[in-house]
1. Counting other beta carbons within 10 Å of each Cβ, put 37, 88, 56 in order, fewest first.
2. With everything on Cα atoms, drop me the angle between helix 32-44 and the longest principal axis of the chain, reported from 0 to 90° to the nearest 10.
3. How do 159, 152 rank when sorted from fewest to most other Cβ atoms within 10 Å of their own Cβ?
4. Pick out which of 54, 17, 104 has the largest mean-square fluctuation in a Gaussian network model of the chain, springs linking Cα atoms closer than 10 Å.
5. What is the ratio of the Cα radius of gyration of the chain to 2.2 N^0.38 Å, with N the residue count, to two decimals?
6. Starting from 0.36 nm per residue, how many nanometres of slack lie between residue 141 and residue 110 once their C-alpha separation is accounted for?
7. Using a Förster distance of 41 Å, how high is the FRET efficiency between residue 173 and residue 72, based on the Cβ-Cβ distance and rounded to 0.05?
8. Taking the number of other C-beta atoms within 10 Å as the exposure measure, put 147, 40 in order starting with the fewest.
């Protein structure tokens, strides 16, 4: 039997709140409710809920490409209140696009016996895409509910969903 985990990627104030430093846009606000439903369903079905959160250093090299955002310990790096984790949920910080790069996500999933992940959150063409790519390289089955992912660039969003499905073999539903 396949054990599943729901990865909630970067649903953080700096991306989702209009006052955030790197606000993804109104379309990102539109995925909050579908993601809340996915989280509720996962909890009912005993699926592990894991929050993946950008947590940058004050002088992170990523700020050469993007405005300063999700600095550790700031309001911007906090999970939006509507999707607040429960005490038993896991929260894994990351400093790069992929949730697997230099984090303990793979170790955590393997310890839990997880073979399938469900990916929700932002941004489809950045952190979601690179997380899905690494997950597939590590042999995880991946499902991406398309109403639960979003990006500031709709063309890149569509491209990323197609790439996840056609090239990486993820199931986009």
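1. In increasing order of surrounding Cβ atoms, one gets 88, 37, 56.
2. 40
3. 159, 152
4. Between 54, 17, 104, it is 104 that shows the largest mean-square fluctuation.
5. In units of the 2.2 N^0.38 Å rule of thumb, it is 0.94.
6. 9.9 nm
7. Once the sixth-power term is evaluated, E becomes 0.75.
8. Ordered by Cβ neighbours within 10 Å, fewest first: 40, 147.
Here, each number is a calculation from the coordinates, and none is a lab measurement. Just so we're clear, the structure is a prediction, and the values are computed from it rather than from any experiment. We place every Cβ from the backbone using ideal geometry, glycine too, and count neighbours over all the protein chains shown.
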